[in-house]
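Following: one structure in structure tokens, then a few remarks.
The values are calculated or read from the model by the stated rules, or taken from the named source; none is laboratory data. Remember, predicted model here, so these are calculated numbers, not experimental data. FYI the Cβ positions are ideal-geometry reconstructions off the backbone, even for glycines, and counts take in every protein chain you see.
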């Protein structure tokens, strides 16, 4: 046999091997049972649950039916509309679906259903009692979760483990494996509410170097772990208070700043600067606010009084 013929035979054998291996892979892929799962086993009330799926037919419609603890079924957009949503799988047979919770506590059942009403896969998750959220020192409200370097992070929580000292960790980034930047303990009362309410959990150093994109995560560990995210940005402005003494504490909240001609009232969400020829307002990142509303009469009067003492 010539070397050319031997080469052709080997090439043909290689092609047959590739075809055989591809057939086996595709058959295994087609026979893989569909599955769905959630990113966590338990969620806080009003969170968005992300549901993933794999092993479905490519480009096929799949109805994602979520049955709530009270047996009702509504769509996932948070509107309360009865029924289920249908999503299309990707070319690789995967799917992603988002479901907005609305405070009904208990176990939820998720089913992936094909066009013949056959349940292809199912899973469950819990919306358990209890929640934590970052907030400000005085409000205790939810969604007050944007901080600047030099400010303090406060935490509130309800319906946690009662009369307990619960360990917490703050990570620079919300993902798994993000570095822990602060840890400690918070206490709860007989109702499972964090006390004191809220509790200070971190004084953010002015010189802290943010490692990620500014999103931080706190996890409170207990019978059921609870989490919340918050953001940290650069300080509102340089801690220079003109002729007034610089404060001896690392906070810029509600401080008065002054130079010889400009006077400023520094608040958590804005900086109001008055000059001899007018005024301007800047946001928490010290960006100029276009067409700001005129400060109220009380603020104007306070700034006018400042002019008597700072010249």
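Any residue at all in region 130-140 that is surrounded by fewer than 20 Cβ atoms within 10 Å (Cβ to Cβ) and under 30 Å from residue 59 (Cβ atoms)? No: region 130-140 contains no residue that is surrounded by fewer than 20 Cβ atoms within 10 Å (Cβ to Cβ) and under 30 Å from residue 59 (Cβ atoms). Taking the listed residues 110, 181, 186, 176, the one that is under 20 Å from the mean Cα position of the chain (by Cα) and in a strand (DSSP E or B) is 181, with no other qualifying.
Exactly one residue out of 161, 203, 127, 117 is within 30 Å of residue 84 (Cα to Cα) and surrounded by fewer than 18 Cβ atoms within 10 Å (Cβ to Cβ), and it is 117.
For region 176-192, how many residues meet the condition of being within 22 Å of residue 223 (Cβ to Cβ) and surrounded by fewer than 16 Cβ atoms within 10 Å (Cβ to Cβ)? Residues in region 176-192 being within 22 Å of residue 223 (Cβ to Cβ) and surrounded by fewer than 16 Cβ atoms within 10 Å (Cβ to Cβ): 9 in total. Taking the numbered list (1) outside any loop (DSSP other than H, G, I, E, B); (2) within 21 Å of residue 76 (Cα to Cα) in turn, residue 115 passes all entries but (1).
Residues in region 95-107 that are surrounded by fewer than 19 Cβ atoms within 10 Å (Cβ to Cβ) and in a strand (DSSP E or B): 96, 98, 100, 106, 107. In region 54-94, the residue that is surrounded by the most Cβ atoms within 10 Å (Cβ to Cβ) out of those that are touching a residue at least 60 places away in the same chain (Cβ under 8 Å) and within 19 Å of residue 39 (Cβ to Cβ) is 56.
If we keep just the residues of region 157-173 that are outside any loop (DSSP other than H, G, I, E, B) and either at pLDDT 95 or above or under 16 Å from the mean Cα position of the chain (by Cα) (or both), which is farthest from residue 224 (Cα to Cα)?
Top of the filtered list is 171.
When region 34-54 is filtered for residues that are outside any strand (DSSP E or B) and more than 13 Å from residue 123 (Cβ to Cβ), the ones remaining, listed by number, are 44, 45, 46, 47. Checked against the criterion of being surrounded by fewer than 20 Cβ atoms within 10 Å (Cβ to Cβ), farther than 22 Å from residue 127 by Cα and touching a strand residue (DSSP E or B) at 6+ places or on another chain (Cβ under 8 Å), the candidates 148, 152 yield just one match: 152.
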